[in-house]
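Below is one structure, written out as C-alpha cells; comments come after it.
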Amino acid sequence: MEKEFIPYQQALELKELGFDEPCIKYYWTDGMFAKGYENPFNYNKRDNVISSPTFSQAFRWFREVYGLHSNTISTNMWTTFSFYIDDIPNKNPIATHLDFNTYEEAELACLIKLIEIVKNSK
C-alpha cells in the first residue's frame, strides 16, 4: 500500500509549497513512513511530521491550487510511458517528457516536475 503515497522528499517539498490537506498517512521528519489515523488529518500543521498524500491527492492539489493539469500515459504500445503538464488557466502546454520504462517512473517524474514548476514560479 505504501506505493500509493508520494515519497518522503516530495511530501516535504509539498509541505514547503503549502500543501495542507488531510491525509491518512504521514512521515516523521526523519523520513520514516507511519500509519496515520482512520480519519484523515492534516499532519502538516505539526512540526515533527509531514503529511503523505497519495499521488492522486497531490496531482489534484496541483490542479486546484495552481491550475496545472498533468497526465501520465503509455506510449509506443505500452512499452514506454510519458507525462504531459498543461497550464489550464493560460491554456499552455508547459512540459512533456517521454520514454520512461514504467508508469510509476513517469508518474514520479511528473510530480517532481510539477514541484519544480511551482518553485520556479515563486
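FYI, it's all coordinate maths here, none of it is from the lab. Just so it is clear, the structure is predicted and the values come from calculations on it, not from any experiment. With ideal geometry, Cβ positions are generated from the backbone for all residues, glycine too; neighbour counts draw on all protein chains shown.
Out of all Cα-Cα pairs in the chain, roughly what percent, to the nearest whole number, are more than 20 Å apart?
Taking all Cα-Cα pairs of the chain, the fraction more than 20 Å apart is 44 percent.
Where does helix 8-17 land angle-wise versus the long Cα axis of the chain, in degrees 0 to 90, nearest 10?
Roughly 90 degrees, rounded to the nearest 10.
Report Rg (one decimal) and Dmax (nearest whole number) for segment 54-122, counting Cα atoms only, units Å.
Spelled out, the Cα radius of gyration and Dmax of segment 54-122 are 11.8, 38 Å.
Please check the chain for the longest run free of chymotrypsin sites (Phe, Trp or Tyr not before Pro) that are loop-located per DSSP (anything but H, G, I, E, B) and have at most 14 other Cβ atoms within 10 Å.
On the way: sites that count: Y37, W78.
The segment 79-122 is the longest one with no such site.
Counting alpha carbon pairs within less than 8 Å and at least 6 residues apart, what relative contact order, in whole percent, applies to the chain?
Working: 193 pairs, mean separation 24.3, N = 122.
Relative contact order comes out at 20 percent.
Using the alpha-carbon atoms, what tilt in degrees (0 to 90, nearest 10) does helix 103-121 show relative to the longest principal axis of the chain?
Roughly 80 degrees, rounded to the nearest 10.
What list of ³J(HN,Hα) values in whole Hz, one per residue of segment 46-63 in order, does the Karplus curve 6.51 cos²θ - 1.76 cosθ + 1.60 (θ = phi - 60°) give from phi, with Gly and Pro shown as x?
Each residue's phi maps through the Karplus curve to give 9, 7, 9, 9, 9, 4, 10, x, 6, 4, 4, 4, 5, 5, 4, 4, 4, 5 Hz.
Which of the aspartates and glutamates could a cross-linker span from K119 if the Cα-Cα distance has to be under 12 Å and same-chain partners fewer than 8 positions apart are dropped?
Within the straight-line cut-off, K119 pairs with E13, E16.
Here are some pairs, K3/K91; K45/K91; K35/K91; K15/K35; which of them have Cα atoms lying more than 29 Å apart in this structure?
Distance filter (> 29 Å) returns K3/K91; K45/K91; K35/K91.
Only sites in a loop by DSSP and with at most 13 other Cβ atoms within 10 Å count here; which GluC sites (Glu not before Pro) in segment 8-64 make the cut?
In loop regions of segment 8-64 (DSSP not H, G, I, E or B), the sparsely surrounded GluC sites (Glu not before Pro) are E38.
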